[in-house]
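As C-alpha coordinates, the structure follows; a few thoughts come after it.
The values are calculated or read from the model by the stated rules, or taken from the named source; none is laboratory data. The shown structure was predicted, so the numbers you read here are calculated from the model rather than taken from an experiment. Ideal geometry is used to build each Cβ from the backbone, glycine not excepted, and the neighbour counts take in all protein chains shown. Surface accessibility is based on the protein's heavy atoms, side chains included, excluding ligands, DNA and RNA. Shrake-Rupley method; radii C 1.70, N 1.55, O 1.52, S 1.80 Å.
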Amino acid sequence: MYSERVREHFRKELDSIREAGLFKEERIITSPQGAEITLNTGQKVLNFCANNYLGLSNSPELIQAAKEAMDTRGFGMSSVRFICGTQDLHKELEYRISKFFGTDDAILYAACFDANGGIFEPLLTDQDAIISDQLNHASIIDGVRLSKAQRFRYRNGDMQDLEEKLKEAASARFRIIVTDGVFSMDGNVAPVDEIVKLAEKYDALVMVDESHSAGVVGKTGRGVTELFDIRGQVDLITGTLGKAFGGAIGGFTTGRKELIEMLRQRSRPYLFSNSLPPSVVGAAIKMFDMMDQTAELQEKLHSNTDYFMEKMTKLGFDLKPTQSAICAVMLYDAKLSQDFAARLLDEGIYVIGFYYPVVPKGEARIRVQLSAAHEKEHIDKAVEAFEKVGKELGVIK
Ligand SMILES: *Cc1c(COP(=O)(O)O)cnc(C)c1O
(Lines give C-alpha, C1' and ligand atoms only; values in the text may rest on other atoms or scores of the structure.)
Protein backbone atom coordinates (compact mmCIF):
# COMPACT_ATOMS: atom_id res chain seq x y z
CA MET A 1 0.00 0.00 0.00
CA TYR A 2 1.25 3.48 -0.85
CA SER A 3 0.94 4.58 2.76
CA GLU A 4 1.95 7.84 4.42
CA ARG A 5 5.01 5.98 5.76
CA VAL A 6 6.20 5.07 2.26
CA ARG A 7 5.37 8.50 0.86
CA GLU A 8 7.17 10.24 3.71
CA HIS A 9 10.27 8.13 3.16
CA PHE A 10 10.60 9.13 -0.49
CA ARG A 11 9.74 12.77 0.18
CA LYS A 12 12.59 12.92 2.65
CA GLU A 13 14.99 11.22 0.25
CA LEU A 14 14.05 13.69 -2.47
CA ASP A 15 14.46 16.61 -0.08
CA SER A 16 17.92 15.47 0.84
CA ILE A 17 18.84 15.25 -2.85
CA ARG A 18 17.57 18.82 -3.27
CA GLU A 19 19.41 20.04 -0.17
CA ALA A 20 22.65 18.52 -1.42
CA GLY A 21 22.12 20.50 -4.61
CA LEU A 22 22.04 17.30 -6.65
CA PHE A 23 18.47 17.42 -7.89
CA LYS A 24 18.45 17.14 -11.67
CA GLU A 25 16.11 19.44 -13.54
CA GLU A 26 15.45 18.96 -17.23
CA ARG A 27 15.63 21.84 -19.62
CA ILE A 28 12.96 21.53 -22.27
CA ILE A 29 13.80 21.85 -25.95
CA THR A 30 11.15 22.45 -28.60
CA SER A 31 13.31 22.16 -31.72
CA PRO A 32 15.27 19.29 -33.26
CA GLN A 33 18.75 18.70 -31.84
CA GLY A 34 21.40 20.84 -33.49
CA ALA A 35 24.01 23.58 -33.15
CA GLU A 36 21.18 26.03 -32.57
CA ILE A 37 18.19 24.91 -30.53
CA THR A 38 15.04 26.52 -29.15
CA LEU A 39 14.03 26.17 -25.51
CA ASN A 40 10.43 26.15 -24.28
CA THR A 41 11.04 29.65 -22.94
CA GLY A 42 11.37 30.74 -26.56
CA GLN A 43 15.08 31.42 -26.08
CA LYS A 44 17.31 30.33 -28.95
CA VAL A 45 20.68 29.09 -27.76
CA LEU A 46 23.81 27.56 -29.22
CA ASN A 47 24.18 24.01 -27.99
CA PHE A 48 27.59 22.93 -26.73
CA CYS A 49 26.48 20.03 -24.52
CA ALA A 50 25.14 17.41 -26.94
CA ASN A 51 26.91 14.20 -27.93
CA ASN A 52 25.97 15.22 -31.48
CA TYR A 53 29.63 15.11 -32.48
CA LEU A 54 29.11 14.72 -36.22
CA GLY A 55 26.02 16.90 -36.37
CA LEU A 56 23.91 14.00 -37.65
CA SER A 57 21.07 14.17 -35.10
CA ASN A 58 18.91 16.12 -37.52
CA SER A 59 20.54 14.98 -40.76
CA PRO A 60 18.13 15.14 -43.75
CA GLU A 61 19.83 12.05 -45.25
CA LEU A 62 19.28 10.02 -42.08
CA ILE A 63 15.70 11.22 -41.71
CA GLN A 64 15.05 10.21 -45.33
CA ALA A 65 16.64 6.79 -44.78
CA ALA A 66 14.58 6.30 -41.62
CA LYS A 67 11.39 7.16 -43.54
CA GLU A 68 12.26 4.76 -46.35
CA ALA A 69 12.94 1.96 -43.89
CA MET A 70 9.61 2.64 -42.21
CA ASP A 71 7.84 2.60 -45.57
CA THR A 72 9.36 -0.72 -46.62
CA ARG A 73 9.89 -2.52 -43.27
CA GLY A 74 7.28 -1.01 -40.98
CA PHE A 75 7.32 0.72 -37.63
CA GLY A 76 8.22 -1.90 -35.02
CA MET A 77 9.22 -5.54 -34.75
CA SER A 78 7.18 -6.61 -31.71
CA SER A 79 9.73 -9.32 -31.06
CA VAL A 80 13.17 -10.04 -29.77
CA ARG A 81 15.77 -10.91 -32.39
CA PHE A 82 15.71 -14.71 -32.09
CA ILE A 83 11.94 -15.15 -32.32
CA CYS A 84 10.83 -12.99 -35.26
CA GLY A 85 12.66 -9.70 -34.76
CA THR A 86 15.48 -10.02 -37.28
CA GLN A 87 15.11 -8.30 -40.64
CA ASP A 88 17.64 -8.16 -43.45
CA LEU A 89 18.39 -4.60 -42.26
CA HIS A 90 19.53 -5.80 -38.83
CA LYS A 91 21.96 -8.26 -40.41
CA GLU A 92 23.19 -5.60 -42.82
CA LEU A 93 23.80 -3.12 -39.98
CA GLU A 94 25.71 -5.71 -37.94
CA TYR A 95 27.88 -6.41 -40.96
CA ARG A 96 28.49 -2.69 -41.50
CA ILE A 97 29.49 -2.15 -37.85
CA SER A 98 32.07 -4.93 -38.01
CA LYS A 99 33.40 -3.58 -41.31
CA PHE A 100 33.72 -0.10 -39.80
CA PHE A 101 35.77 -1.34 -36.84
CA GLY A 102 37.67 -4.05 -38.73
CA THR A 103 36.25 -6.81 -36.53
CA ASP A 104 34.76 -10.26 -37.22
CA ASP A 105 31.11 -9.76 -36.30
CA ALA A 106 28.72 -7.51 -34.39
CA ILE A 107 25.53 -7.78 -32.36
CA LEU A 108 22.94 -5.04 -31.83
CA TYR A 109 21.33 -3.98 -28.56
CA ALA A 110 18.66 -1.45 -27.63
CA ALA A 111 21.41 0.71 -26.16
CA CYS A 112 25.09 0.57 -25.24
CA PHE A 113 23.93 0.41 -21.64
CA ASP A 114 22.52 -3.01 -22.55
CA ALA A 115 25.59 -4.01 -24.55
CA ASN A 116 27.75 -3.37 -21.48
CA GLY A 117 25.18 -4.90 -19.16
CA GLY A 118 25.10 -8.10 -21.17
CA ILE A 119 28.74 -8.64 -22.07
CA PHE A 120 30.49 -10.05 -19.00
CA GLU A 121 28.01 -12.46 -17.50
CA PRO A 122 27.77 -14.75 -20.57
CA LEU A 123 31.52 -14.86 -21.18
CA LEU A 124 33.06 -15.07 -17.72
CA THR A 125 32.69 -17.16 -14.58
CA ASP A 126 34.02 -16.94 -11.03
CA GLN A 127 37.29 -18.40 -12.32
CA ASP A 128 37.90 -15.25 -14.38
CA ALA A 129 38.96 -11.67 -13.61
CA ILE A 130 37.76 -8.29 -14.89
CA ILE A 131 40.27 -5.47 -14.60
CA SER A 132 38.45 -2.19 -15.03
CA ASP A 133 39.52 1.45 -15.26
CA GLN A 134 38.23 3.38 -12.24
CA LEU A 135 36.51 5.98 -14.43
CA ASN A 136 34.60 3.53 -16.61
CA HIS A 137 30.99 4.31 -17.46
CA ALA A 138 28.17 3.33 -15.09
CA SER A 139 26.92 0.70 -17.53
CA ILE A 140 30.27 -1.11 -17.41
CA ILE A 141 30.18 -1.03 -13.63
CA ASP A 142 26.68 -2.54 -13.68
CA GLY A 143 27.73 -5.16 -16.23
CA VAL A 144 30.67 -6.16 -14.05
CA ARG A 145 28.32 -6.45 -11.06
CA LEU A 146 26.09 -8.84 -12.98
CA SER A 147 28.93 -11.27 -13.62
CA LYS A 148 30.52 -13.66 -11.14
CA ALA A 149 34.07 -12.80 -12.18
CA GLN A 150 36.62 -11.43 -9.72
CA ARG A 151 36.94 -7.65 -9.88
CA PHE A 152 39.99 -5.43 -10.01
CA ARG A 153 40.08 -1.68 -10.51
CA TYR A 154 43.02 0.38 -11.74
CA ARG A 155 43.57 4.13 -11.57
CA ASN A 156 42.45 6.05 -14.65
CA GLY A 157 44.83 5.36 -17.52
CA ASP A 158 47.54 4.27 -15.07
CA MET A 159 49.50 1.50 -16.78
CA GLN A 160 51.68 0.76 -13.76
CA ASP A 161 48.61 0.18 -11.64
CA LEU A 162 47.04 -1.91 -14.40
CA GLU A 163 50.17 -4.07 -14.57
CA GLU A 164 50.02 -4.63 -10.82
CA LYS A 165 46.39 -5.70 -11.05
CA LEU A 166 47.23 -8.04 -13.93
CA LYS A 167 49.83 -9.69 -11.70
CA GLU A 168 47.32 -9.98 -8.87
CA ALA A 169 44.89 -11.64 -11.26
CA ALA A 170 47.50 -14.06 -12.58
CA SER A 171 45.77 -17.15 -11.22
CA ALA A 172 42.47 -16.46 -13.00
CA ARG A 173 41.50 -18.62 -15.97
CA PHE A 174 40.84 -15.60 -18.23
CA ARG A 175 41.62 -11.93 -17.59
CA ILE A 176 39.90 -9.07 -19.40
CA ILE A 177 41.00 -5.44 -19.30
CA VAL A 178 38.07 -3.05 -19.71
CA THR A 179 38.23 0.64 -20.53
CA ASP A 180 36.26 3.52 -22.01
CA GLY A 181 37.92 4.74 -25.23
CA VAL A 182 37.36 8.37 -24.30
CA PHE A 183 36.53 9.38 -20.74
CA SER A 184 33.55 11.69 -20.78
CA MET A 185 34.56 14.20 -18.13
CA ASP A 186 38.14 15.00 -19.20
CA GLY A 187 38.02 14.04 -22.87
CA ASN A 188 41.20 12.00 -22.54
CA VAL A 189 41.77 8.85 -24.57
CA ALA A 190 42.65 5.60 -22.81
CA PRO A 191 46.19 4.45 -23.71
CA VAL A 192 44.80 1.47 -25.58
CA ASP A 193 48.10 0.85 -27.43
CA GLU A 194 49.84 0.24 -24.10
CA ILE A 195 46.86 -1.70 -22.79
CA VAL A 196 47.10 -4.06 -25.76
CA LYS A 197 50.81 -4.60 -25.05
CA LEU A 198 50.16 -5.39 -21.40
CA ALA A 199 47.34 -7.69 -22.46
CA GLU A 200 49.80 -9.64 -24.61
CA LYS A 201 52.36 -9.81 -21.84
CA TYR A 202 49.87 -11.03 -19.24
CA ASP A 203 47.59 -13.04 -21.50
CA ALA A 204 44.51 -10.89 -21.09
CA LEU A 205 41.62 -9.97 -23.35
CA VAL A 206 40.83 -6.31 -24.06
CA MET A 207 37.46 -4.61 -24.23
CA VAL A 208 37.01 -0.95 -25.17
CA ASP A 209 33.78 1.04 -24.91
CA GLU A 210 33.91 3.43 -27.87
CA SER A 211 30.75 5.37 -27.05
CA HIS A 212 32.49 8.77 -26.99
CA SER A 213 35.27 7.84 -29.43
CA ALA A 214 33.54 6.05 -32.32
CA GLY A 215 32.96 8.46 -35.17
CA VAL A 216 35.13 11.02 -33.39
CA VAL A 217 38.64 9.76 -32.68
CA GLY A 218 41.07 8.82 -35.44
CA LYS A 219 41.49 10.46 -38.81
CA THR A 220 38.36 8.85 -40.23
CA GLY A 221 36.54 8.36 -36.92
CA ARG A 222 37.16 4.63 -36.63
CA GLY A 223 37.89 5.16 -32.95
CA VAL A 224 40.83 4.40 -30.71
CA THR A 225 42.03 1.43 -32.74
CA GLU A 226 42.51 3.81 -35.69
CA LEU A 227 44.16 6.45 -33.49
CA PHE A 228 46.76 3.97 -32.21
CA ASP A 229 46.93 1.96 -35.43
CA ILE A 230 45.89 -1.26 -33.69
CA ARG A 231 42.86 -2.25 -35.76
CA GLY A 232 41.90 -5.85 -35.14
CA GLN A 233 43.87 -6.05 -31.88
CA VAL A 234 41.05 -5.22 -29.47
CA ASP A 235 38.94 -8.31 -28.73
CA LEU A 236 35.66 -6.59 -27.89
CA ILE A 237 34.37 -3.11 -28.70
CA THR A 238 31.07 -1.74 -27.47
CA GLY A 239 29.48 1.45 -28.73
CA THR A 240 26.32 3.47 -29.17
CA LEU A 241 24.23 4.76 -32.05
CA GLY A 242 23.06 7.44 -29.62
CA LYS A 243 26.03 9.82 -29.82
CA ALA A 244 28.08 10.59 -32.94
CA PHE A 245 26.28 7.97 -35.04
CA GLY A 246 22.99 9.86 -35.45
CA GLY A 247 22.02 10.20 -31.82
CA ALA A 248 18.76 8.22 -31.90
CA ILE A 249 19.07 4.96 -29.97
CA GLY A 250 20.86 1.64 -30.15
CA GLY A 251 24.04 -0.05 -29.04
CA PHE A 252 26.35 -2.76 -30.23
CA THR A 253 29.16 -5.11 -29.34
CA THR A 254 31.66 -6.03 -32.04
CA GLY A 255 34.75 -8.19 -31.96
CA ARG A 256 35.97 -11.79 -32.10
CA LYS A 257 33.68 -14.19 -33.89
CA GLU A 258 33.24 -16.78 -31.13
CA LEU A 259 32.65 -14.14 -28.45
CA ILE A 260 29.93 -12.43 -30.49
CA GLU A 261 28.38 -15.80 -31.26
CA MET A 262 28.32 -16.61 -27.55
CA LEU A 263 26.64 -13.27 -26.79
CA ARG A 264 23.93 -14.05 -29.35
CA GLN A 265 23.23 -17.27 -27.45
CA ARG A 266 23.49 -16.04 -23.88
CA SER A 267 23.46 -12.25 -23.50
CA ARG A 268 20.33 -11.42 -21.54
CA PRO A 269 19.60 -7.87 -22.79
CA TYR A 270 19.89 -9.28 -26.34
CA LEU A 271 17.70 -12.31 -25.72
CA PHE A 272 15.03 -10.68 -23.61
CA SER A 273 14.63 -7.16 -25.00
CA ASN A 274 13.03 -5.90 -28.18
CA SER A 275 14.69 -5.61 -31.56
CA LEU A 276 15.68 -2.14 -32.81
CA PRO A 277 13.01 -0.51 -35.03
CA PRO A 278 13.57 -0.51 -38.82
CA SER A 279 13.72 3.30 -38.99
CA VAL A 280 16.69 3.42 -36.62
CA VAL A 281 18.43 0.51 -38.35
CA GLY A 282 17.87 1.88 -41.86
CA ALA A 283 19.21 5.28 -40.86
CA ALA A 284 22.25 3.71 -39.21
CA ILE A 285 23.11 1.83 -42.42
CA LYS A 286 22.87 5.12 -44.31
CA MET A 287 25.11 6.71 -41.67
CA PHE A 288 27.80 4.07 -42.29
CA ASP A 289 27.45 4.73 -46.05
CA MET A 290 28.26 8.35 -45.31
CA MET A 291 31.23 7.40 -43.11
CA ASP A 292 32.61 5.24 -45.93
CA GLN A 293 32.33 8.02 -48.48
CA THR A 294 34.16 10.83 -46.71
CA ALA A 295 35.88 11.93 -43.52
CA GLU A 296 34.75 15.53 -43.96
CA LEU A 297 32.71 15.53 -40.77
CA GLN A 298 35.65 14.23 -38.74
CA GLU A 299 37.93 16.85 -40.28
CA LYS A 300 35.49 19.62 -39.42
CA LEU A 301 35.00 18.30 -35.88
CA HIS A 302 38.73 18.05 -35.25
CA SER A 303 39.40 21.53 -36.59
CA ASN A 304 36.50 22.95 -34.55
CA THR A 305 37.93 21.38 -31.40
CA ASP A 306 41.43 22.69 -32.11
CA TYR A 307 40.02 26.14 -32.82
CA PHE A 308 38.05 26.25 -29.56
CA MET A 309 40.97 24.95 -27.47
CA GLU A 310 43.35 27.47 -29.00
CA LYS A 311 41.06 30.47 -28.53
CA MET A 312 40.16 29.56 -24.96
CA THR A 313 43.74 28.86 -23.92
CA LYS A 314 44.81 32.21 -25.39
CA LEU A 315 42.19 33.95 -23.25
CA GLY A 316 43.80 32.44 -20.17
CA PHE A 317 41.29 29.69 -19.40
CA ASP A 318 42.60 26.48 -17.90
CA LEU A 319 41.57 23.55 -20.10
CA LYS A 320 42.40 19.88 -19.70
CA PRO A 321 44.29 18.53 -22.68
CA THR A 322 41.82 16.71 -24.93
CA GLN A 323 42.11 14.03 -27.59
CA SER A 324 38.40 14.02 -28.36
CA ALA A 325 35.60 16.55 -28.89
CA ILE A 326 35.17 17.03 -25.14
CA CYS A 327 36.81 20.13 -23.67
CA ALA A 328 36.89 20.55 -19.90
CA VAL A 329 37.12 24.22 -18.89
CA MET A 330 38.40 23.95 -15.34
CA LEU A 331 36.87 26.27 -12.71
CA TYR A 332 37.55 24.01 -9.68
CA ASP A 333 34.82 25.58 -7.52
CA ALA A 334 31.38 23.89 -7.60
CA LYS A 335 29.27 27.02 -7.11
CA LEU A 336 31.32 28.97 -9.63
CA SER A 337 30.72 26.23 -12.22
CA GLN A 338 26.95 26.55 -11.75
CA ASP A 339 26.97 30.37 -11.78
CA PHE A 340 29.19 30.37 -14.84
CA ALA A 341 26.94 27.98 -16.77
CA ALA A 342 23.83 29.98 -15.82
CA ARG A 343 25.44 33.21 -17.01
CA LEU A 344 26.49 31.55 -20.27
CA LEU A 345 22.90 30.51 -20.87
CA ASP A 346 21.85 34.17 -20.47
CA GLU A 347 24.39 34.86 -23.19
CA GLY A 348 22.84 32.20 -25.39
CA ILE A 349 25.38 29.43 -24.82
CA TYR A 350 24.09 26.13 -23.48
CA VAL A 351 26.70 24.17 -21.52
CA ILE A 352 26.68 22.22 -18.28
CA GLY A 353 28.80 22.77 -15.19
CA PHE A 354 29.87 19.53 -13.48
CA TYR A 355 30.99 19.14 -9.89
CA TYR A 356 31.41 16.51 -7.19
CA PRO A 357 30.37 13.67 -7.20
CA VAL A 358 30.30 13.59 -11.01
CA VAL A 359 33.94 14.77 -11.03
CA PRO A 360 36.45 14.65 -8.13
CA LYS A 361 36.09 17.19 -5.28
CA GLY A 362 37.66 20.55 -6.16
CA GLU A 363 37.64 19.78 -9.89
CA ALA A 364 34.43 21.49 -10.94
CA ARG A 365 34.35 22.45 -14.58
CA ILE A 366 32.27 23.35 -17.59
CA ARG A 367 32.24 20.65 -20.20
CA VAL A 368 32.10 21.90 -23.75
CA GLN A 369 31.33 19.42 -26.52
CA LEU A 370 32.17 20.41 -30.04
CA SER A 371 30.28 19.24 -33.10
CA ALA A 372 30.75 19.19 -36.84
CA ALA A 373 27.42 21.05 -36.84
CA HIS A 374 29.15 24.10 -35.33
CA GLU A 375 30.26 26.81 -37.70
CA LYS A 376 33.15 29.10 -36.89
CA GLU A 377 30.76 31.89 -35.95
CA HIS A 378 29.06 29.62 -33.40
CA ILE A 379 32.39 28.89 -31.76
CA ASP A 380 33.38 32.57 -31.87
CA LYS A 381 30.13 33.43 -30.14
CA ALA A 382 30.76 30.82 -27.44
CA VAL A 383 34.32 32.03 -26.88
CA GLU A 384 33.12 35.65 -26.64
CA ALA A 385 30.55 34.62 -24.05
CA PHE A 386 33.21 32.72 -22.09
CA GLU A 387 35.43 35.80 -22.19
CA LYS A 388 32.67 38.13 -21.01
CA VAL A 389 31.48 35.87 -18.18
CA GLY A 390 35.04 34.83 -17.30
CA LYS A 391 36.02 38.45 -16.72
CA GLU A 392 32.79 39.23 -14.89
CA LEU A 393 33.30 36.31 -12.48
CA GLY A 394 37.03 36.90 -12.09
CA VAL A 395 38.14 33.66 -13.74
CA ILE A 396 40.31 35.43 -16.33
CA LYS A 397 41.82 38.91 -16.45
C1 LIG B 1 26.75 7.08 -23.37
C2 LIG B 1 27.55 5.92 -22.94
C3 LIG B 1 26.97 4.65 -22.79
C4 LIG B 1 25.50 4.43 -22.91
O5 LIG B 1 25.10 4.46 -24.25
P6 LIG B 1 23.54 4.36 -24.58
O7 LIG B 1 23.51 3.81 -25.96
O8 LIG B 1 23.01 5.74 -24.47
O9 LIG B 1 22.95 3.44 -23.57
C10 LIG B 1 27.80 3.60 -22.47
N11 LIG B 1 29.12 3.76 -22.29
C12 LIG B 1 29.71 4.96 -22.41
C13 LIG B 1 31.18 5.09 -22.21
C14 LIG B 1 28.94 6.08 -22.73
O15 LIG B 1 29.52 7.27 -22.83
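What's the extension gain from Asp126 to Arg27 if we count 0.36 nm per residue and subtract their Cα-Cα distance? Please report the intermediate quantities before stating the final value.
On the way: separation 99, 0.36 × 99 = 35.64 nm, distance 4.38 nm.
Result: 31.3 nm gained on full extension.
In the chain, which longest range has no GluC sites (Glu not before Pro) that are both DSSP loop (not H, G, I, E or B) and surrounded by at most 11 other Cβ atoms within 10 Å?
After excluding every exposed loop site, the longest remaining stretch is 27-397.
Antiparallel DSSP bridges in segment 1-154: what percent, to the nearest 5? Each step should come with its number before you reach the end.
Numbers: 4 of 9 bridges.
Close to 45 percent.
Of Val192, Val329, Val358, which has the largest mean-square fluctuation in a 10 Å C-alpha GNM of the chain?
Maximum among the listed residues: Val358.
Let's see if you can work this out: charge +1 on each Lys and Arg Cβ, -1 on each Asp and Glu Cβ, no other charges. What is the dipole magnitude of the chain about its Cα centre, in debye to the nearest 20?
Computed charge dipole of the chain: roughly 640 debye.
Using +1 at the C-beta of Lys and Arg and -1 at the C-beta of Asp and Glu, which of Ile29, Gln369, Ile326 has the Cα lying farthest in the positive direction of the dipole of the chain?
Farthest towards the positive pole: Ile29.
Output the relative contact order of the chain, whole-number percent, from Cα pairs under 8 angstrom with separation of 6+ residues.
It comes to 22 percent, rounded to a whole number.
Provide the solvent-accessible area of Lys388, counting protein heavy atoms only and rolling a 1.4 Å probe, rounded to the nearest 10 Å².
We get 110 Å² for Lys388.
Where the accessible area of segment 26-120 is counted over protein heavy atoms with a 1.4 Å probe, how much of it, in %, is carbon and sulfur?
Taking all protein chains in place, segment 26-120 shows 53 percent carbon and sulfur surface.
Within 10 Å, count the other beta carbons around each residue, average over each peptide in 71-81, 102-112, and list them highest first. Please list the in-between numbers first.
Working: 71-81: 14.1, 102-112: 21.8.
Output ranking for 71-81, 102-112: 102-112, 71-81.
Report, in debye and to the nearest 20, how large the dipole of segment 82-194 comes out about its Cα centre when Lys and Arg carry +1 and Asp and Glu carry -1 on their Cβ. Don't skip to the end; give the middle numbers.
On the way: 12 positive and 20 negative charges, 56 e Å.
The calculated dipole for segment 82-194 is roughly 260 debye.
Can you give the helix-only mean residue ellipticity at 222 nm for the chain, where every DSSP H stretch with n ≥ 4 adds -39500 (n - 2.57) and the sum goes over all residues, rounded to the nearest 500 deg cm²/dmol?
After summing the helix terms and dividing by residue count, I get -13000 deg cm²/dmol.
Please sort by residue number the trypsin sites (Lys or Arg not before Pro) in segment 293-382 whose DSSP state is loop and whose Cβ has at most 16 other Cβ atoms within 10 Å.
Lys361
Hey, which of these cross-link pairs are over 20 Å Cα-Cα: Lys335/Lys391; Lys243/Lys300; Lys99/Lys148; Lys165/Lys197?
Correct reply: Lys99/Lys148.
For a quick check, take a GNM of the chain with Cα springs below 10 Å and name the residue from Gln43, Gln33, Gln134 with the largest mean-square fluctuation.
Gln43
Which value, in debye to the nearest 20, gives the size of the charge dipole of segment 193-267 about its Cα centre, when Lys and Arg are +1 and Asp and Glu are -1 at the Cβ?
The dipole magnitude comes to about 260 debye.
Among DSSP beta bridges lying fully in segment 180-286, give the percent that are antiparallel, nearest 5.
Looking only at bridges with both residues in segment 180-286, the antiparallel portion is about 60 percent.
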